[in-house]
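Colleague: Once you've had a glance at the structure underneath, I'll fire off some questions.
Just so it is clear, none of the values below were taken in a lab; they were calculated from the coordinates. As the structure is a prediction and not an experimental result, all values here were calculated from the model. Glycine also receives a Cβ, built like all others from the backbone with ideal geometry; neighbour counts cover every protein chain displayed.
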Amino acid sequence: MSASFNRRRFIKESVSAAGVATLTGPGNCRVVCGQSETPNKSGTHWSFSLLGDIHFDHLDHHDFDWVQREHPGSEKQIEKYSHYTESNLPPLMQRVKETISSTGCTSVVQIGDLVQGLCGKEKLARTHCKAALDFFDRQELGVPVRVTKGNHDITGPGAVAAYNHLIVPWVTQGLDKAENLQAHFLYKKGEDIFVYFDAYDPGSLDWFGGLMAQRSPDSTGRVFFIVHPPVVPYNARSSWCLFGKPHLQEKRERLFQLLGKHHVIVLCGHLHKYSLVERMTDEGSFTQMSISSVANSRGGNARHLISGIDQFSPDLVDLEPSHSPATVAQRRAILEREKPFITRFDYGSFWGHAVVKISPEKVEADIFQHLDEAPWKTVRLA
């Protein structure tokens with residue numbers, strides 16, 4: 001796509017309201033479509049809790065002979081995530097529960113890699129997923145938890161089946177279900193919709209395009225696009241994004257135009273960082289926010305706090321100098337191509353959670369670092 005888009009049209013469309021009408025799946029798409037949730041007491045003012053990657057894990061959930069053979073080097077990662085799950089995840093969930101209670105959040109959105117995966121056997125994969133769901137049930141959060149699919153959720157023998165048979169029914173409970181249940185689904189709250197995008201299903205883009213084709217131009221609703229990998233690259237791992245491979249560029253362009261046309265709010269994870277990016281397209285702009293909830297400590301200081309579009313540059317690869325030295329030039333080129341389209345940039349290396357607040361006038365997110373009781377920052381999403 002050329003950078004020489006119509007800037008006057010971009011400015012006009014950037015301040016217009018995005019919206020969707022009541023949606024059903026196209027005839028050739030299998031869809032899970034939810035009814036509107038009950039509005040909270042404030043009616044048009046409501047909020048939801050946002051969690052990033054978690055990587056729930058337990059040492060007993062792995063066949064380490066398989067791990068050493070098929071994924072050498074992952075043993076230490078599994079040990080770390082198992083420790084985080086036991087020691088640090090419960091305090092984080094307690095903080096999230098308190099925040100839900102104090103803010104009146106109506107749901108929890110989790111953006112993939114709920115579990116670590118890499119179990120090695122089908123039975124262990126089922127045990128792994130069930131333990132994670134049991135953990136969340138024991139938290140008694142009092143609101144629905146909706147999860148999108150991450151790459152770790154479906155890695156290893158039996159992982160896909162465990163995800164489809166255990167996690168998908170759990171996260172879509174209470175929604176109207178189509179005959180064929182899938183990991184991509186949507187639900188509505190009033191005129192706002194949440195699109196849970198399966199980044200690992202080749203049919204998801206057609207499904208999303210079909211949904212947006214039915215959007216009413218008169219609706220005032222917002223579209224939240226929940227996906228595991230980022231759509232817009234934003235740090236040293238710039239090749240780790242949706243449709244980022246060279247042979248998928250046509251799909252990437254199609255997705256960007258859909259997101260821009262409908263001024264979508266993208267919520268993603270995968271890179272275990274906080275980031276806020278606003279990107280222009282020929283059809284309009286969209287916003288992307290990333291967050292991590294891998295509780296790898298009990299606190300500490302945030303690192304690499306960066307803000308301003310001048311900070312979005314190929315030099316972001318220097319944030320992780322040891323990551324894939326052979327691909328530095330490629331990753332710098334990716335960021336260089338993105339730079340002309342970036343109109344807002346915020347970044348930080350820390351874990352935590354967020355509360356997204358919606359009103360008729362705006363959408364904002366309170367960003368919480370680690371286990372802090374008060375937000376570190378409030379950012380505008382729309």
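Colleague: Please determine whether any residue of region 263-275 is over 19 Å from residue 294 (Cα atoms), surrounded by fewer than 24 Cβ atoms within 10 Å (Cβ to Cβ) and either touching a Gly at 6+ places or on another chain (Cβ under 9 Å) or without any contact (Cβ under 8 Å) to a residue 60 or more places away in the chain (or both).
Modeller: Among the residues of region 263-275, at least one is over 19 Å from residue 294 (Cα atoms), surrounded by fewer than 24 Cβ atoms within 10 Å (Cβ to Cβ) and either touching a Gly at 6+ places or on another chain (Cβ under 9 Å) or without any contact (Cβ under 8 Å) to a residue 60 or more places away in the chain (or both), which makes the answer yes.
Colleague: Let me ask you something else. Farther than 24 Å from residue 55 by Cβ, touching a Leu at 6+ places or on another chain (Cβ under 8 Å), in a helix (DSSP H, G or I) and in contact (Cβ under 8 Å) with a residue 40 or more places away in the chain, is that true of residue 186?
Modeller: no
Colleague: Right, another one. In region 101-131, which residue that is of a type in the set (Val, Ile, Thr) and buried (at least 21 other Cβ atoms within 10 Å of the Cβ) is farthest from residue 53 (Cα to Cα)?
Modeller: Once the filter is applied, the top-ranked residue is 108.
Colleague: Counting only residues that are within 20 Å of residue 286 (Cβ to Cβ), of a type in the set (D, E, K, R) and surrounded by 14 or more Cβ atoms within 10 Å (Cβ to Cβ), how many does region 359-382 have?
Modeller: Total meeting the criteria: 1.
Colleague: Another one. Among (1) crowded, with 16+ Cβ neighbours inside 10 Å; (2) within 29 Å of residue 359 (Cα to Cα), where does residue 67 come up short?
Modeller: Failed condition: (2).
Table: residues versus (1) at positive phi; (2) without any contact (Cβ under 8 Å) to a residue 24 or more places away in the chain; (3) touching a Pro at 6+ places or on another chain (Cβ under 9 Å); (4) hydroxyl-bearing (Ser, Thr, Tyr).
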position: 81; (1), (2), (3), (4): no, no, no, yes
position: 91; (1), (2), (3), (4): no, no, no, no
position: 95; (1), (2), (3), (4): no, no, no, no
position: 108; (1), (2), (3), (4): no, no, yes, no
position: 115; (1), (2), (3), (4): no, no, no, no
position: 119; (1), (2), (3), (4): no, no, yes, no
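Colleague: Only one of these conditions is not met by residue 161: (1) touching an Asp or Glu at 6+ places or on another chain (Cβ under 8 Å); (2) surrounded by 18 or more Cβ atoms within 10 Å (Cβ to Cβ); (3) free of Cβ contacts under 8 Å to residues at least 60 places away in the same chain; (4) outside any loop (DSSP other than H, G, I, E, B). Which number is it?
Modeller: (2)
Colleague: Turning to a different aspect of this structure: Please give the helices (runs of 4 or more DSSP H) falling wholly within region 63-136 in which 1 or more residues are closer than 21 Å to residue 271 by Cβ.
Modeller: 75-87, 89-103
Colleague: Every residue in region 218-252 that is over 23 Å from residue 347 (Cβ atoms), in a loop (DSSP other than H, G, I, E, B) and in contact (Cβ under 8 Å) with a residue 40 or more places away in the chain, please.
Modeller: Those that are over 23 Å from residue 347 (Cβ atoms), in a loop (DSSP other than H, G, I, E, B) and in contact (Cβ under 8 Å) with a residue 40 or more places away in the chain: 218, 219, 220, 221, 222.
So that you can scan it fast, the table gives a plain yes or no per residue for (1) among the small types (Gly, Ala, Ser); (2) within 26 Å of residue 289 (Cα to Cα); (3) over 19 Å from the mean Cα position of the chain (by Cα):
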position: 74; (1), (2), (3): yes, no, yes
position: 81; (1), (2), (3): no, yes, yes
position: 88; (1), (2), (3): no, yes, yes
position: 95; (1), (2), (3): no, yes, yes
position: 101; (1), (2), (3): yes, yes, yes
position: 106; (1), (2), (3): no, yes, no
position: 111; (1), (2), (3): no, yes, no
position: 116; (1), (2), (3): no, yes, no
position: 122; (1), (2), (3): no, no, yes
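Colleague: Now for a separate question. List the number of the failed condition for residue 194; all other conditions in (1) farther than 15 Å from residue 228 by Cα; (2) surrounded by 16 or more Cβ atoms within 10 Å (Cβ to Cβ) hold.
Modeller: For residue 194, the exception is condition (1).
Colleague: Moving on. Could you list, in sequence order, the residues of region 181-231 that are of a type in the set (A, V, I, L, M), touching a helix residue (DSSP H, G or I) at 6+ places or on another chain (Cβ under 8 Å) and over 29 Å from residue 361 (Cα atoms)?
Modeller: 181, 183, 205, listed by residue number.
Colleague: Read through the list (1) assigned to a loop (DSSP other than H, G, I, E, B); (2) more than 26 Å from residue 244 (Cβ to Cβ); (3) touching a residue at least 60 places away in the same chain (Cβ under 8 Å), then give the number of the only condition that residue 368 fails.
Modeller: (1)
Colleague: Something else: Hey, can you tell me all the residues within region 287-323 that are surrounded by 12 or more Cβ atoms within 10 Å (Cβ to Cβ), free of Cβ contacts under 8 Å to residues at least 60 places away in the same chain and over 28 Å from residue 224 (Cβ atoms)?
Modeller: The answer is 313, 314.
Colleague: Starting from residues that are out of contact with any Lys or Arg (no Cβ under 7 Å at 6 or more places or on another chain) and acidic (Asp, Glu), keep the ones in region 192-224 and report whichever is nearest to residue 251 (Cα to Cα).
Modeller: Ranking the candidates gives 206 first.
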